[in-house]
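Quick notes on the structure that follows.
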Amino acid sequence: MATDFDTDVQALYDRVAAAKNQPACSISGSVVRPGANATTVTCTYDTELYDNDAMVNLGVSNTQVNFTATGIYIASARVSFSSNGNSLGRQVSLVTTGILGTVARKTVQGETGVGIAINLTALFHATIGDTMTVTLRQNSGLSLNVTTRRLHVAKVSAL
């Protein structure tokens, strides 16, 4: 019985250790980038904050995350738009090259006097070799600066 108990505890410990070692990355962009009116723009990043499985290579592509394992992932993006005096819509999308394509999209109304931040989180399936980008779109009638960007992606299940 003690051996069975030890085996069960070890299996639980192994699951916790494996969960901590799932592929994950976090990237950010702080260079102000203009976003043209009524045009889809792909977010760029300039800083790799965390990457435990070579999901990001800013020297090769400063726009995408590479999925290194098949499974269920969670992605969270945050984008800040500056104000240009117009309160029309701002949109953020999480787009993969996989079978699901766009896995999440959020549109909010802008503000006339202050910048706004859009947060977007989604759970989705990805296959090894797929990639993800964050795209932006706005319809304010003028170019609108994107001030900060951040993207976090992590595998949460092997399913």
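The values are calculated or read from the model by the stated rules, or taken from the named source; none is laboratory data. Being a predicted model, the structure only gives us computed values, none of them experimental. Cβ placement follows ideal geometry from the backbone for every residue including glycine, while neighbour counts extend to all protein chains displayed. Note: accessible area is taken over every heavy atom of the protein model, side chains too, but ligands, DNA and RNA are not part of it. Shrake-Rupley method; radii C 1.70, N 1.55, O 1.52, S 1.80 Å.
For this structure, a couple of remarks:
- Residues within the stretch 122-155 that are in a strand (DSSP E or B), open to solvent by 30 Å² or more (accessible area, probe 1.4 Å), modelled with pLDDT under 95 and of a type outside the set (Lys, Arg), tallied: 3
- Residue list for the stretch 34-43, restricted to those being surrounded by fewer than 18 Cβ atoms within 10 Å (Cβ to Cβ) and at pLDDT below 90: PRO34, ALA36, ASN37, ALA38
- Residue match in the stretch 12-27 (condition: at pLDDT below 80, polar (S, T, N, Q) and more than 19 Å from GLY59 (Cα to Cα)): no
- The set of residues in the stretch 43-74 being in contact (Cβ under 8 Å) with a residue 24 or more places away in the chain and touching a Leu at 6+ places or on another chain (Cβ under 8 Å) consists of CYS43, TYR45, VAL65, GLY71, ILE72, TYR73, ILE74.
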